[in-house]
1. Taking H as built 1.01 Å from N, whose amide H comes closer than 5 Å to the amide H of Asp5, not counting residues under 5 places away?
2. Which log10 I(q)/I(0) values does region 1-47 give at q = 0.31 Å⁻¹ under the Debye formula, counting every alpha carbon as one identical point scatterer?
3. What does the charge add up to near Thr27, with Lys and Arg as +1, Asp and Glu as -1, over the other residues with Cβ less than 12 Å from its Cβ?
4. Hey, got the dipole for the chain? About the Cα centre, +1 on K and R Cβ, -1 on D and E Cβ, debye to the nearest 20?
5. Beyond 20 Å between alpha-carbons counts as too far, so tell me which of Lys40/Lys70; Lys30/Lys60; Lys22/Lys71; Lys43/Lys71 fall in that bin.
Amino acid sequence: MKKGDTVHWEWGAHEAEGKVVKKETKTVNKRIKGAEVKRKGTKEEPAVTLKTDKGQTVLKSESELKKGPKKK
């Protein structure tokens, strides 16, 4: 996955979709909607910052993501 790629992930009983903004191979801490979110990024398992179509920022590990748009 690289910057600009569309990806999707499971979110409760649904799927969410966004675009890759940044990949990092170090521990990442972000404050998202008032909550502290942390991912331990490594070379094998990067931390990925995403932007949804609603403009929300999301932080996920690469293994949580699937390439391509969500299924309709």
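1. Hits under the 5 Å cutoff: Val20.
2. -1.07
3. With Lys, Arg at +1 and Asp, Glu at -1, the net is +3.
4. In total the dipole reaches around 240 debye.
5. Flagged as over cut-off: Lys40/Lys70; Lys22/Lys71; Lys43/Lys71.
Each reported figure results from applying straightforward, stated rules to the coordinates on display, with no laboratory input. Fair warning: this is a prediction, and the values are worked out from it, not measured in the lab. Counting neighbours? That spans all protein chains shown, and the Cβs are built from the backbone with ideal geometry, glycine included.
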